[in-house]
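Working notes, structure below.
The values are calculated or read from the model by the stated rules, or taken from the named source; none is laboratory data. Quick caveat: nothing in here was measured; it's all calculated off a predicted structure. So basically every Cβ, Gly included, is an ideal-geometry build from the backbone, and we count neighbours across all protein chains shown.
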């Protein structure tokens, strides 16, 4: 783990608790907390790397946007190789459509990479991620749990209408193991990015991010679904996957831009076009 191996003799008790599992449980489920065994809370804290994250935030928590994304990649010794960089349009008013194998680290790496080439990069995200204040300059909040607020809907409209570069993960969630053989891929891609590309006259650039989480992570999600458990238990392990990725090398492959005029509804509906682009991404 990056923090404990590099931090030396750190007195974690003296660090500011930006991440505080006890406080979260007490706030969100006060009646339940007294019934949760101490060993379960300790397991949660270890799995979510409470101490390590607080140490990380003590080092980099005051950074915002690109410097914070760079700090994440540097701290975890992440190397990114890029293929097809010549396919990047000079005009950044496009939608980059990417697969989502890691569920977090891939997003950070892609945002940091595109920010090297374009002035303003935005990505629609679950509004829960807005709690990561250091990266909110990159985010457009999308409420998946209820109605979109008028303010958030306006921000979304303004971003598409402006010249900002947009990174889109059309699956809307981390890739999953999709068969007994262990094949890992995105689930169905939603049509939204195709509709927005046509509406706002933005070309689509397919991006293939090559990387995987652990077999444990994908296996847990696979069998959880097979057993009919709706709660995404595996998402609790995304922070642990970040620490497991310490020292990893990933590859970003950029495909040739697809003109928005290609998405003709007479040939395919938008769901079919979304699947078509997805196949192009995995073929890069």
Having 2 or more residues that are out of contact with any helix residue (DSSP H, G or I) (no Cβ under 9 Å at 6 or more places or on another chain) and surrounded by 21 or more Cβ atoms within 10 Å (Cβ to Cβ) is the bar; report the helices (runs of 4 or more DSSP H) wholly within the range 32-142 that clear it. 105-115
Count of residues meeting criterion [farther than 25 Å from residue 138 by Cβ and in contact (Cβ under 8 Å) with a residue 12 or more places away in the chain] in the range 42-65: 4
Among the candidates 222, 218, 160, residue that is outside any loop (DSSP other than H, G, I, E, B), touching a strand residue (DSSP E or B) at 6+ places or on another chain (Cβ under 9 Å), more than 29 Å from residue 78 (Cβ to Cβ) and modelled with pLDDT under 95: 160
